[in-house]
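Reading through the structure tokens given below for one structure.
The values are calculated or read from the model by the stated rules, or taken from the named source; none is laboratory data. Bear in mind that the values here come from a model prediction, so they are computed numbers and not experimental data. With ideal geometry, Cβ positions are generated from the backbone for all residues, glycine too; neighbour counts draw on all protein chains shown.
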Amino acid sequence: MSRVIHPIERESYAIVRERARTAALPPWTRAVTERVIHASADPGYLTDLVTAEEALAAGARALRAGAPVVADSAMVAAGITGRPVSCLVRDPRAAALAGRAGITRSAAGIRLALAGAGPGAVWVIGTAPTALAELLALDADPALVIGLPVGFVGAAEAKRALRASGLPALSNRSEKGGAAVAAAALNALLYGQEAAQ
């Protein structure tokens, strides 16, 4: 997928590369790290992200092959460009399920989305640690899980559980994260190293 790169974005990436020194990173790790730093203006992600080049490459291949993309929140979905995204957090069934099961609407949206996504989907969690915990409890068989929820309650723990799960994943160690960061990571897999050109 290609797009026109605005000169301001090109300059911004030059600044990211100057401050974060990403040149030695493997290609997909570099693309994700730079786009996350660009989206957050936080060079600390250079050492906070936990990536596996093979998992990122597999996620990029799955996206090119048309894998479904599922997001935990409307904010994450809105940040993903050029691809349809399934996000059921606002679906009335999610509210009903959340009430019946005693879970958050974000977790309920993830549970509902599994039927439509099936195996091999790319899951993008940037808002709710409970959505990531729910995904880990399901038999989702993902192509990739981008697990970057933000928060002081449960976020770091959910990301640690993701890393321990053995699923192909991208996460970070700290409590930071968020919709913009998670969407940026997915967009990096869609656009690769375009900003460097």
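Here is how the numbers come out for the structure above:
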quantity	calculated
Residues of segment 18-38 classified as crowded, with 17+ Cβ neighbours inside 10 Å and of a type outside the set (S, T, N, Q), total	11
The one condition in (1) touching a residue at least 40 places away in the same chain (Cβ under 8 Å); (2) surrounded by 16 or more Cβ atoms within 10 Å (Cβ to Cβ); (3) not β-branched (V, I, T) that A78 fails to fulfil	(2)
Selection count where residues are assigned to a helix (DSSP H, G or I) and surrounded by fewer than 24 Cβ atoms within 10 Å (Cβ to Cβ), scope segment 166-186	1
Residues within segment 82-113 that are of a type in the set (A, V, I, L, M, F, W, C), surrounded by 21 or more Cβ atoms within 10 Å (Cβ to Cβ) and within 17 Å of the chain's Cα centre (by Cα), tallied	6
Any chance A98 is in a helix (DSSP H, G or I) and either aromatic (F, W, Y) or at pLDDT 95 or above (or both)	yes
Whichever residue in segment 32-75 is in a strand (DSSP E or B) and not small (G, A, S) and, among such residues, is nearest to D91 (Cα to Cα)	V70
Residue within segment 16-31 that is out of contact with any helix residue (DSSP H, G or I) (no Cβ under 9 Å at 6 or more places or on another chain), in a helix (DSSP H, G or I), free of Cβ contacts under 8 Å to residues at least 60 places away in the same chain and farther than 22 Å from A179 by Cα present	yes
Sole residue being more than 13 Å from the chain's Cα centre (by Cα), surrounded by 14 or more Cβ atoms within 10 Å (Cβ to Cβ) and farther than 18 Å from P149 by Cβ, chosen from A41, A62	A62
Among the residues listed as R83, R90, the single one being in contact with a strand residue (DSSP E or B) (Cβ under 6 Å, 6 or more places away or on another chain) and either among the acidic types (D, E) or not in a helix (DSSP H, G or I) (or both)	R83
Of the criteria (1) under 23 Å from L56 (Cβ atoms); (2) at pLDDT 95 or above, which one F152 fails	(1)
Selection count where residues are part of a loop (DSSP other than H, G, I, E, B) and out of contact with any Pro (no Cβ under 8 Å at 6 or more places or on another chain), scope segment 107-165	5
